[in-house]
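A quick write-up on the structure given underneath.
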Amino acid sequence: RDVCTGRTGHAEVVQVTYDPDEVSYRDLLTVFWNVHDPTTPNRQGPDIGEQYRSVIFYHTPEQEAEARASKEEMKRSGRFGRPIVTAIEPAGTFWRAEEYHQQYFAKRGGGHCRIM
């Protein structure tokens, strides 16, 4: 609830746990670039506020390097037509949202998430 106020400095994100033998970090980055608009600061779809900023949080120096490289590739591709504003920052503590926010679209119906 606090994050929804936009006054905490936190971002609404998902933390992805994956097996690199099954899917690569690069593949995850490809999904990231394909499921949201990285050109709108503090907005995703109808959601507006700092908590909806476009950001990649990394856990290792290797992830940071790969995230930065993929961002540069996206910039060079010209795919988005506007500047990419996605931040790349070290991951801090991940705070799981309250239960009412888990499986949000399934509980509330509809939605606009492109990976649903």
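Any read-out appearing in this document is the output of simple, stated calculations on the displayed coordinates, not a laboratory observation. On a predicted model such as this, the values are computed, not experimentally measured, just so you know. Positions of Cβ are generated from backbone atoms using ideal geometry, with glycine treated the same way; all protein chains shown enter the neighbour counts.
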Burial order of peptide ranges 69-82, 29-42, 11-24 (average beta-carbon count within 10 Å, highest first): 29-42, 69-82, 11-24
Other-chain or far-sequence residues with amide H under 5 Å of Val55's (modelled H): Ala87
Cβ-derived FRET efficiency at R0 30 Å, Glu72 paired with Arg96, nearest 0.05: 0.40
Using a cut-off of under 20 Å, list every residue of region 64-99 whose amide N is near the label point 7 Å from the Cα of Gln15 along the Cα-to-beta-carbon line. 64-65, 67, 87-99
